[in-house]
Structure formats: structure tokens, C-alpha cells
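Below is one structure, written out as C-alpha cells, with a few remarks after it.
The values are calculated or read from the model by the stated rules, or taken from the named source; none is laboratory data. The model shown is predicted, which means the values in this text are computed figures rather than measured ones. Methodologically, a virtual Cβ is constructed for each residue, glycine included, from the backbone with ideal geometry; neighbour enumeration extends over all protein chains shown. Surface accessibility is based on the protein's heavy atoms, side chains included, excluding ligands, DNA and RNA. Shrake-Rupley method; radii C 1.70, N 1.55, O 1.52, S 1.80 Å.
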Amino acid sequence: MGSSSNGNGGEDLSHLQLLSSLIPREESERISLFHSYNHAFKGFSAILTENEASTLSGYDEVVSVFPDPVLKLHTTRSWDFLEAVDNKFRSSRPWDENKSSEIIIGVIDTGIWPESPSFSDEGIGKIPSKWKGVCMEGSNFKKSNCNRKLIGARFYNKNGQASPRDNIGHGTHVASIAAGVPVANASYYGLAHGTARGGLASARIASYKACSMDGCSGSVILKAIDDAIKDGVDIISISIGNSAILQSDFLSDPIAIGAFHGEERGIMVVCSAGNDGPDPYTIVNTAPWIFTVTASTIDRSFLTTIVLGNNQSYEGTAINFSPLTRGKAYPLAFGEKVASRFTPASDARNCIPGSIDTKKAAGKIIVCVNEDPNVSKRIKTLVVEDAKAKGMIIIDNQGQFLPLDSGTYPAAVIGETTGSRILNYINSTKSPTATILPTKVVPRFKPAPVVAPFSSRGPGGLTENILKPDIMAPGVAILSAFVPRIIADYSAPGNKTSFFSIKSGTSMACPHVTGAAAFIKSKHPHWTSSIIKSALMTTASVSNNKGKLLTNSTDYYASPHEAGVGEISHFRALDPGLVFETRVQDYLYFLCYFGYKPKTLRSITNTNFSCPKSSTEKLISNINYPTISIASLKKNEGIRKIKRVVTNVGSSNATYTSSVDAPPGLKVLVLPKMLHFSAGLKRAAFKIFFDGKEATKGYNYGVIKWFDARECGSRPTLSTRWINIQRVFKQVKAIRQ
């Protein structure tokens, strides 16, 4: 129902009155609110029939009515890796700071495990006075579980939640990535040994438990965002999203709605891009006011050795604590050769549940393929283990970048090239054998970072006039805090628990950016969320640790629809030189251009806002965003003009010079070519002209850079990194800055 007029609540009665006008008297028991939103925005969730919902959507004061969606979770060395790249820009180390930070990070997820050493408040000062939140008590969770580090915890009585306590591990993991304190000698049963820490160790954490094993209710997420805004958080981290197939428009998406009202109040919302890659158009959380994060690898790999009976050895990706040794080998068989009776060979080859014959598989190492995306590698492992096999090898070209955690059960994931060699060995040998050795950690692995194959890809399905994802961060095999519990179908070493675990997903990438943003906010407390976002985007790294351009998992150069602007580089972002300030008015113009009616937008903002007279979708490219994307540039339309305004946050007296590296056939002109700043002149505008008459088909990429030669020599202080053109039946251009 739009923006709250005062943010003080008191809307419950009017919401109940509205329900009473809809619901028949004989069904008065349905006149109740699941959740009422009245801090940052007005609204409620309740049980309605389709006819009642349709009637309600016609009310003047109602912006949107939509079914409550069930969203899904998008589920250390990483910070050392990021900072190694930034080494020459480092002037301090955030984890060594003695002072306590005033920054509060709200984590909306599965709750939190307060006893984790990552949430110790030793040496941390008093809770910031701006904090207005609570520490809710529940099952096995007391107010005393909160402290000066974990300053707040909420849960919502839906999906059987009875406590802020995390019983899954996801929320604990992501919270500690963002802001966990340094914990020495952290490891996952001895693997990835080192100091685990978050991006801003001195930041405070507020946990909002909105998810359970059944998923995340959209109405609960909205309530959590509303509460977080009221409580006084600075940044909200959400490693959750809708299915790429079931994407809603911006005003029917609970995360987009809540994030917009957070942005209105200066609160950055960072979200994961989704794990439905590597196909295009799979990215979610694409509203321009959301900071959308995709996942990458780091310079650490988990490898296991497969030794064949002919003494040939191959490396696979795995996290296993195999008891097998080189001293004894076991029969090796392809899945289709140990199929159950009447089972199609394709099912047995994929190790589908019910496809493997225990009598045939027992005592053997089974080779499976991963052609069926509906059956996870974890399920395949359980199928083979249940068939009494000694171990499993999975052939999966994309999955070789994602280590499979099989506990003490011997397992490994290999690529197709290695897989074909092992299958050739099986087919050419009378009695093939093999063994699988325990995992070893390979440090300083190259190349890194690489775009994770599971990361959802752009362009966005709702509009291509905003480039998504925004940025890339570590999200593969990340060590972080976890729930110390015994899992029934997981054979842990020594049957012991661990306070840490290694997980992968854009869920893990998201809190890296949250932590980086918190770090910058702690150094520049007066910077707005859009300035911090711009600083991170325009200083991101586009090269790997081999000094080459970023690549994806197929070893091709990564496109901006895969990697966004590149890998976060938070130390460089402390001094970006120039920034793009995207204001709430820009986002309202975006909604105008997207097609929403002015009346709706006035309700959203509780203002007299009016859309520009000319409001077409192509004008989305003109909002002052840190990237430029043009969805359609036809050959006969002439030259397209795009405007941007930059704000100088560097030296007060500076001159910046532009340079353009455009792909063949695309003419790009930046005017003026130089921008001059002084103590009295902080902002300047420039225009970019595009002529695509001779542009080639397909996506192409280029670079626009702004240099401050006086301060930085040849180092670019602002980089408009990518130009992207597509022409199939139409011609499409996008620019990554």
C-alpha cells in the first residue's frame, strides 16, 4: 500500500477494517493479519480468496496484491584472497581495528547460532545508540544469547519457527562471512585451516529468521525488511531469491518492494543473483536499487586423487575424508553396468534413486554422469552409498568447479575429458580397479577468480536496459561459521560436529559484498548507499591472479552478463575518485519508464511525484546508474545519446580525461572529453554518443575509462568497463562501467 506516512506504525486497525469490507460476516474468523507492515511501508498479509484479492487490487489506495511466494536460499581464505589483489592499495587492515564499529548489518536468512566463536563480543564496545531492535526469546534461545556483537535477533511465527536459532546453518554461514570476528585455527575437520573472519569484523549483526527448511515466505521477508529498517540497520544482506522461471514484476516481488523502501531511507540492500546458471536470463533480484551479486572462485582448490589399476592418476574436485589408501584398489564399474532390473540405462548412468542394483554395486567404485539436473550430486552419492558401493566418481564438466562434500564416503567430481579416459580404461580392461584418496587443499590455485558455473546469468528477464549482475565476489568453497550438528545422512569424520563448514553459492558471494560495503561505510560514514555501490563497481577488478582478463568455467572471457563489472576490490573502492549517485528520483523514473502509472508511484512514495511526459522503456538507460545498458539500438535510428552525472569524492581540484576502447564497428564518443573539478564544483555531466550502423552481430565488449593523471598517473580512477552490443533480429547495446 505504498510508503508509510510517518513510520510510527498504527496501521493495523485500518488494515483490519479493509479486510472487514471484503470478507463475509459468516467467515469473520478470516479477518486477521498474518503480518502488518507499517514502519517503512504500508501493507499486510492475510488469507483471501482469488475474488477478494481481485477486488482489493482495484482499491485506489492499493499498489499491488500478489500471492505469497516461497523463495529459496541461494546456497576464511576469501578475504585474504581479495585483499592480496588489493595489496598495493591497502593502508589499514579492518580486522585489526581496536575501535568498535557503529555499522549494523541486518541478515535476513535462517537465523543464527549465537554460540559460534565468530560472534564473540570480546573487545567490542557498547551497542550503538541508534539501535532500536530486540533480541527475541524462543525455543533454546534467550536474550542473553545476544551480546555486543550479535545485537538483535528476530523470528516470525510462520513455517513452524519457534526461535531465532539457526538449525540449518545457512544464516550463520552468511552472517559470519559479512561480519564474523577473526577466529584463529578455524577449519572444516582440518581442511582450509587458517583464520576465519568477516569483511568488517567490528560490525554489529542483527539476525532476522525468515526461512526454514521449506523455503522463505515472501510475506515474512517483507516483514523482516520492515523490521530491519525500523531497528536501525545500515545494510541488509539477503541471500534469497525467487526462481528464475517464476520471476515477478518489481511491484509484486517482496524483496524488490522492501528494498525500494530501504533505499528510500538510505539503507543498502545486497542480494544474491541466484544459482540457476550457466544459462542466460536466469538472474533474479534485478531491480536497480538492489546490489546484485554473482559468485566466483578463489585461489584455493580442494582436490582428491583417483588412482586406477593401471597406475594412472587423475585429480577430481571433492571434500572427502576417504579412509581408502593407495595400498588397496576396488572394482570399478560404470553406473549402467550395475543397473537394477528393468531400469533404463540412462537412469543407472545418472545414478537416479532406485536405479542401482545393490548386489551388482556392492564393494565397487561406481562412475556416474550428471546429465539429469533434477537429481543433485548429493542425492547420487546417497544412492551409491546406499547400494553398498565403496565410492563414487561423478562426471560433470561444470561441477568440477564445485567440490562435493561427501564426508568420509570416498567421492570425487571430474570433468568430461578425465571422465572419458576413465571410461576408456573401464571398457578396455578385463577387471578395472581404482581407489579414491582423501582430499588435499591446493593453495594459490590459478586462475582465480573464475565465474562460478552455477551463478545465474544476465541479461535480466524484465528489462535489458539495466545491466545485471552488478558485481562478482567469492562464492565457491567458502569456509565460514556453521551450526555444529550431526546430520543423519552425512558421515562426519569421527562422527564429530564442527563450528565451521565449507559452502558454495551466490548466497556466499552476497555477504562478501555486504561486508565490503560495511567496511567502506565505516571509513566514509556520510557516503550514501548509491555512492558506496558506485565506488565498489567502478573500481572492481577485471583480471585474475595470472594477470589475464576474467574467465568463466569454460575458459572463455567472462562477459558482463556473467561477472557484472568484475570482482570486488574494497580497498580500491575507498578512493574511487568519481562516483555515480543514483537517487530515489532516478529509481522512480525507472519505474515510470518501465510502465508503471504515476498514480501508483505517488502511492508508493506518499508524494506528489509525476512521471516525465516522455516515458518509454528505452529511457531506462538514462537513469544515473554506475552501468549503462541499451536494450535495442536499431541501425536506422541514428545516434543514441546517454547522459551521466558524476560526483567528485576525491581531490577537490582535479581534472579527469576519458578514453574509449570500443569494439569494431561501434562508434562511441564521450563529450566533454575532460571534466574539471574544484572546491566549488563537485558534480559534472558528460554524454556518451553511440552509433551502431556498422556494429557486428552478437555481444561485444569495450571500455570507457576516466583518468586523473595528476593524482594517479596511468591508474584509472573511474572505469566504465564494458560496452555490450547484440544484434539478432534487433540490435542491442549495453555498457558496463
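Data overview
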{"item": "P(r), alpha carbons of the chain - 20 Å bins starting at zero, rounded %", "result": "17, 48, 31, 5, 0"}
{"item": "Directionally averaged shadow of region 476-554, computed from the convex hull of its alpha-carbon atoms, nm²", "result": "8.5 nm²"}
{"item": "Global size of region 246-388 as Cα Rg and Dmax, reported in angstrom", "result": "22.1, 66"}
{"item": "Zone residues, region 180-209, relative to N140, backbone N less than 17 Å from point 7 Å out along Cα-to-Cβ", "result": "209"}
{"item": "Per-pair calculated FRET efficiency, R0 = 56 Å: A345 and S652 via Cβ, rounded to 0.05", "result": "0.20"}
{"item": "Region 438-469 and region 344-418: distance between their alpha carbon centers, rounded to Å", "result": "25 Å"}
{"item": "All-pairs alpha carbon distance profile, region 527-579, 10 Å steps from 0, percent", "result": "26, 46, 24, 5"}
{"item": "Gain on full stretching of the segment that runs from D279 to S313 - 0.36 nm per residue minus C-alpha separation", "result": "9.0 nm"}
{"item": "Per-bin percent of Cα-Cα distances, region 394-473 [10 Å]", "result": "14, 31, 29, 17, 8, 2"}
{"item": "Sparsely packed chymotrypsin sites (Phe, Trp or Tyr not before Pro) within region 220-293, loop by DSSP, other Cβ within 10 Å at most 12", "result": "none"}
{"item": "Extreme residue, positive dipole direction of region 639-688, given options A654, I639, L669 (C-beta unit charges)", "result": "I639"}
{"item": "Intensity falloff of region 490-643 expressed as log10 I(q)/I(0), Debye formula with alpha-carbon point scatterers, at q = 0.09, 0.17, 0.19 Å⁻¹", "result": "-0.47, -1.17, -1.25"}
{"item": "Packing-based order for 495-503, 264-272, 219-227, 127-135, using average beta carbon neighbours within 10 Å, highest first", "result": "219-227, 264-272, 495-503, 127-135"}
{"item": "Size of electric dipole in region 247-340: Cβ of Lys, Arg +1 and of Asp, Glu -1, about Cα centre, debye, nearest 20", "result": "720 debye"}
{"item": "Protection proxy ranking, peptides 119-126, 408-415, average beta carbon neighbours within 10 Å, highest first", "result": "408-415, 119-126"}
{"item": "Rg and Dmax of region 603-711, Cα atoms only, in Å", "result": "16.8, 48"}
{"item": "FRET efficiency estimate (nearest 0.05) - Cβ-Cβ, R485 to E50, R0 30 angstrom", "result": "0.15"}
{"item": "Dipole of region 493-591, positive end: most advanced residue of C510, F571, P493 [Cβ charges, Cα centre]", "result": "P493"}
{"item": "Cα convex hull volume per residue for region 573-623 (Å³)", "result": "98 Å³"}
{"item": "Rounded if a/c under 1.5, otherwise prolate or oblate - region 239-309, Cα gyration tensor axes", "result": "prolate"}
{"item": "Probe 1.4 Å - accessible area at D214, Å² to nearest ten", "result": "120 Å²"}
{"item": "Rounded to the nearest 20 debye, dipole of the chain from Cβ charges on Lys, Arg, Asp, Glu", "result": "1980 debye"}
{"item": "Accessible carbon and sulfur surface of the chain relative to its total accessible area, %, 1.4 Å", "result": "50 percent"}
{"item": "Solvent-accessible surface ranking, highest first, for M392, M674 at 1.4 angstrom", "result": "M674, M392"}
{"item": "Value of [θ]222 nm, deg cm²/dmol, for the chain, DSSP H segments ≥ 4, -39500 (n - 2.57) each, nearest 500", "result": "-5500 deg cm²/dmol"}
{"item": "Burial ranking of peptide ranges 614-621, 643-650 (average Cβ count within 10 Å, highest at the top)", "result": "643-650, 614-621"}
{"item": "Ratio of the Cα radius of gyration of region 582-665 to 2.2 N^0.38 Å, where N counts its residues", "result": "1.38"}
{"item": "Within the chain, percent of DSSP bridges classed antiparallel, to nearest 5", "result": "65 percent"}
{"item": "Kirkwood Rh in Å, taken over region 114-192 so that all alpha-carbon pairs contribute", "result": "14.0 Å"}
